[in-house]
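A short write-up of the structure that comes next.
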Amino acid sequence: MTWRPDRPFNDLPPLPAAEVLETRAVLKACIPARAALAALNQASALMPNPAMLVNTLPMLEARDSSEIENIVTTADRLFQHAGGAEQLFREGADLATKEALRYRGALSWGAASLRERPLSTATAVEVCRQIKGVALDVRRTPGTQLVNDRNGEVVYTPPQGEALLRRLLADWERFLHEAADVDPLVRMAASHYQFEAIHPFVDGNGRTGRVLNLLFLMQAGLLELPILHLSRAVLRHKADYYRLLREVTQAGAWEPWLLFMLQSVEETAQWTTTKILAIRALADHTAHHVRERLPKIYSRELVDVIFEQPYCRIGNLVDRGIAQRQAASRYLHALAELGVLKPTDVGKERLFVHPALLRLLASEAHDVVRYA
């Protein structure tokens, strides 16, 4: 059957064999991508406190992956409204910020789930549930179509029928785990296409697929922490991303799609590594500055806490055992007087924003601003 965008793609073919996917150009592109991931892992391992990365960089991934779907928020709003362990987000967050924070929560949950079980259809379902905040499941009813926002034209109609979708997902899952003759980076890129083509959920497929990319790299041992900012490249080259996905469907054009994804891994791994080095440089500069100016309250643990999130609360210091509430308040106000932090009221809550860290995280550049 010839593929047509307005008809369900129930004849979606299985993922091809290694000899189709692993062309000479694709295997050549795997080498710098692997090297960039290795450098990223090394940079993250040298950080004194992994929470300085795990609590911050996934926020940038959540922001950009959401923006790909036209759900737009800012790094400032994400960090300001991020909740603690008991809650995903705090009161007052707008809908886009809540959705992006749910993405961050889904990525965190997925990374933790790998310690208990490998990637599966059940993982994908739970990731999508967390992103959307509803108890959804694999599509059961027809009618799902992808439409061009500008002109209303139908560009793709995914397969229909729950039994067919679950069979396709089972084949996708087997490819993830059993296609050992295919390079893991190629497997990630090919399986991402297949997941998007199956389009198993009514909504949230793109973001779920991008979370699964990072989880697969972790499962394959190529990524130590869920901190690769892969959606940055997709957002920067959004038109190419969708065009190349479509060309696999239309013409089986695997090589251009795989090269795009491999180059995206390389580019974003390098960008993320440079961001990590800048965060570490700022943390070291801050530690030196506070130790010189406020030796009575200085501790490396205190500096680490104000780098775990750009918005710090008195309770963060108390929870870490750095000081009791009254002393913790005094420490944060002293850091504010020094110019490291800036007090701000959000609703009824007093927060202490770390402007230099927030600026570094929110910016495309990696410049470290030194304190006056």
Query - Residue that is outside the structural domain of V125 (by TED's automatic domain parsing) and buried (at least 18 other Cβ atoms within 10 Å of the Cβ), where the choices are F9, F89 - result: F9
Query raised in the report: Of the residues that make up the range 316-328, is at least one touching a residue at least 40 places away in the same chain (Cβ under 8 Å) and of a type outside the set (D, E, K, R)?
Result: no
Requested in this report: Taking the options L37, L27, name whichever one is within 26 Å of K275 (Cβ to Cβ) and modelled with pLDDT of 95 or more.
Outcome: L37
Query raised in the report: Looking at the range 307-323, which of its residues are under 16 Å from P50 (Cβ atoms) and among the acidic types (D, E)?
Result: E308
Report task. Search the range 196-249 for residues being of a type in the set (D, E) and more than 18 Å from S66 (Cβ to Cβ), and hand back the single one that is farthest from the chain's Cα centre (by Cα). Result -> E247
Requested in this report: Looking for whichever is within 22 Å of L15 (Cβ to Cβ) and in a helix (DSSP H, G or I) here; the options are L119, L169. Which one fits?
Outcome: L169
Query raised in the report: Does any residue of the range 132-141 turn out to be within 17 Å of the chain's Cα centre (by Cα), within 22 Å of I68 (Cβ to Cβ) and part of a helix (DSSP H, G or I)?
Result: yes
Query raised in the report: When only residues in the range 207-221 that are surrounded by fewer than 21 Cβ atoms within 10 Å (Cβ to Cβ) and not polar (S, T, N, Q) count, which is farthest from L136 (Cα to Cα)?
Result: G221
Query raised in the report: How many residues, within the range 249-258, are in contact with a Leu (Cβ under 9 Å, 6 or more places away or on another chain) and in a helix (DSSP H, G or I)?
Result: 6
Query - Qualifying positions in the range 58-97 - over 15 Å from the mean Cα position of the chain (by Cα) and in a helix (DSSP H, G or I) - result: D76, R77, Q80, H81, L95, A96
Query raised in the report: Is there a residue being within 25 Å of A39 (Cβ to Cβ) and out of contact with any strand residue (DSSP E or B) (no Cβ under 9 Å at 6 or more places or on another chain) anywhere in the range 305-327?
Result: yes
Query raised in the report: Are any residues in the range 263-289 in contact with a helix residue (DSSP H, G or I) (Cβ under 6 Å, 6 or more places away or on another chain), β-branched (V, I, T) and closer than 17 Å to M52 by Cβ, and if so, which ones?
Result: T272, T273, I276, T286
Report task. Among what's in the range 145-164 and is part of a loop (DSSP other than H, G, I, E, B) and more than 26 Å from the chain's Cα centre (by Cα), pick the residue that is surrounded by the most Cβ atoms within 10 Å (Cβ to Cβ). Result -> T157
Report task. Give the residue, chosen from W271, W257, that is over 26 Å from E19 (Cα atoms) and surrounded by 16 or more Cβ atoms within 10 Å (Cβ to Cβ). Result -> W271
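The values are calculated or read from the model by the stated rules, or taken from the named source; none is laboratory data. Quick caveat, the model's predicted, so the values are computed rather than measured. Cβ atoms come from the backbone with ideal geometry, glycine included; neighbour counts cover every protein chain shown.
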